[in-house]
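No lab work stands behind these numbers, since they all come straight from the coordinates. These numbers come from a predicted model, not from an experiment. Cβ: placed from backbone, ideal geometry, glycine included. Neighbour counts: every protein chain shown.
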Amino acid sequence: MSTQLQQRGAAVPCASRRACRLGSSSSARSSSKPLGSAAARRQDARAAALQVVCSLNNSAGTMAPKPAKLEARETLRLALPSKGRMAEDTLQLLKDCQLSVVKPNPRQYVARISQLPGLEVWFQRATDVVRKIIYGDVDLGIVGLDMLAEIGNDDPDVIILHDALDFGQCHLALGVPMGGRFAAVNTLEELRAMPWSEQAPLRVVTGYQNIARKFFAEKGFEHVVLLSADGALEAAPAMGSADIILDLVSTGVTLRENNLKQIEGGTIMHSEGALVANRRALLERPGLLEICHELIERLEAHLTADKYYSVIANMRGESAQEVSKRLLDVPGLAGLSGPTVSPVFTRGTSGGAEPHLFAAVICVPKKQLYPAVKEIRRVGGSGVLVQPMTYIFDEEPARWTQLLETLGITADGLNIK
């Protein structure tokens, strides 16, 4: 039993097979999209020919229609991951931005952020964070880009407010056996060129079936079976239940320890934590844009500052201008907009305060700290102090301006101070 692949990857229930089969069909209809080139026509033909035979993966199931209008409620809602490393990193980031999530009872799923009155925090599974944003049950959410791509499936009602929260970094990639018939396979082209057929298709075990469908269709694979598993995907090729895996990779150690390798062209996407929102909620719910502005501004200021150290050094020189020029002439010592130089007063021979040195303050990228300190000393610096930075506020975050452009609105009339 089979059905033509639809936009959201609707699945046909099947109790006898744990697989989603991608293969050609003589009865498949052509895509209705305009064809711009021969390559585009071939890709559309492949996508039109893909069929779903069976899937037990929830993300591939048919989704209920969205409500015609958002449900009226007095509070705004932010959904956060409820378990795992993503949940811990999310709460830590908010805490670093002086946004403390207060949950009176650890068994409750609802919490508050005292600095943002009127905003409820709802703890949800990562998949449900995306689903509830799509339907408007929550207005904002923090989730990994991989889960957003898998469950969101390019839904137009989901808008990314911040795509780089600097935690949960990983990438979605293929894991191919190191030995056997895959020993000489080191590129995606070599994998595709293997003698796959309808009788002997490429078997891929993955929890990302929507992403997998698109990837293999775009890359020209014709005979693929997608298999579902609840965990331990890396064991499937060794057991013989699958040929390769498609899963998240952080360091690659787990792949290597299970005799799997990454191949050239086999990385599907890079992922990390992201702040997302429901488009209709942004346009219709009073006060939501103001909260988004504050969240974006706090996040941007902290994440930018977290990449720098504040460096203060005593500098010998004839004047502030002369000291500034020495620093500006050295690459990497200009700071964000230039050094701040001011006189340092010491007690003179007469007992009064006299300027003998200048204090130079600059921002230095963390990765370049030690080379920068060496250069400061080389141009006459001493007593170098290094301090962490908490925030660097810009005039207006670029991501906020981009959001307004995406929504087609201006900041006029918004209560933003």
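In this structure, does V225 turn out to be touching a Pro at 6+ places or on another chain (Cβ under 7 Å), assigned to a strand (DSSP E or B) and over 19 Å from T254 (Cβ atoms)?
So V225 fits the description; yes.
Hey, among the residues in region 384-406 that are surrounded by 12 or more Cβ atoms within 10 Å (Cβ to Cβ) and in contact with a strand residue (DSSP E or B) (Cβ under 8 Å, 6 or more places away or on another chain), which one's farthest from D306 (Cα to Cα)?
T406
Having 1 or more residues that are in contact with a strand residue (DSSP E or B) (Cβ under 9 Å, 6 or more places away or on another chain) and of a type in the set (K, R) is the bar; report the strands (runs of 3 or more DSSP E) wholly within region 107-160 that clear it.
The qualifying strands (runs of 3 or more DSSP E) are 110-113.
Hey, among A360, A313, which residue is in contact with a Pro (Cβ under 6 Å, 6 or more places away or on another chain), buried (at least 17 other Cβ atoms within 10 Å of the Cβ) and touching a residue at least 40 places away in the same chain (Cβ under 8 Å)?
Every option except A360 fails the conditions.
Taking the stated definitions as given, is I151 aliphatic (A, V, I, L, M) and in contact (Cβ under 8 Å) with a residue 40 or more places away in the chain?
yes
Being assigned to a loop (DSSP other than H, G, I, E, B), crowded, with 18+ Cβ neighbours inside 10 Å, touching a residue at least 12 places away in the same chain (Cβ under 8 Å) and not charged (D, E, K, R) is the requirement here; does A242 meet it?
Yes; evaluated as a whole, the condition is true for this residue.
Check D89 against each of (1) part of a helix (DSSP H, G or I); (2) in contact with an Asp or Glu (Cβ under 8 Å, 6 or more places away or on another chain) and name the one condition it does not meet.
(2)
For the structure I just gave you, tell me whether V361 is in contact with a helix residue (DSSP H, G or I) (Cβ under 7 Å, 6 or more places away or on another chain) and aliphatic (A, V, I, L, M).
Judged against the criteria, V361 is not a match.
How about region 163-198: which of its residues are under 30 Å from Q402 (Cβ atoms) and in a loop (DSSP other than H, G, I, E, B)?
D163, A164, L165, D166, F167, G168, Q169 - these are the residues of region 163-198 that are under 30 Å from Q402 (Cβ atoms) and in a loop (DSSP other than H, G, I, E, B).
Residue under question is G348, and the condition is that it be among the small types (G, A, S) and on the phi > 0 side of the Ramachandran plot; does it hold?
Criteria not met by G348.
Working only within region 195-211, note down all residues that are crowded, with 18+ Cβ neighbours inside 10 Å and in contact (Cβ under 8 Å) with a residue 40 or more places away in the chain.
P201, L202, R203, V204, V205, T206, G207, Y208, Q209, N210, I211
Please go through region 156-186 and give me each residue that is over 30 Å from D139 (Cβ atoms) and out of contact with any Gly (no Cβ under 9 Å at 6 or more places or on another chain), ordered by number.
P177, M178, G179, G180, R181, F182, A183, A184, V185, N186
Could we say that E264 is in contact (Cβ under 8 Å) with a residue 12 or more places away in the chain, surrounded by fewer than 21 Cβ atoms within 10 Å (Cβ to Cβ) and within 26 Å of L403 (Cβ to Cβ) here?
no
Could you grab me the full set of residues in region 353-391 that are touching a Gly at 6+ places or on another chain (Cβ under 8 Å) and of a type in the set (G, A, S)?
A360, A372, G380
Test A217 against the criterion of being under 30 Å from V101 (Cα atoms), surrounded by 15 or more Cβ atoms within 10 Å (Cβ to Cβ), touching a Leu at 6+ places or on another chain (Cβ under 7 Å) and touching a residue at least 60 places away in the same chain (Cβ under 8 Å), and give yes or no.
No: the conditions fail for A217.
Considering each of L385, L369, L404 in turn, give the residue that is of a type in the set (A, V, I, L, M) and without any contact (Cβ under 8 Å) to a residue 12 or more places away in the chain.
Result of the check over L385, L369, L404: L404.
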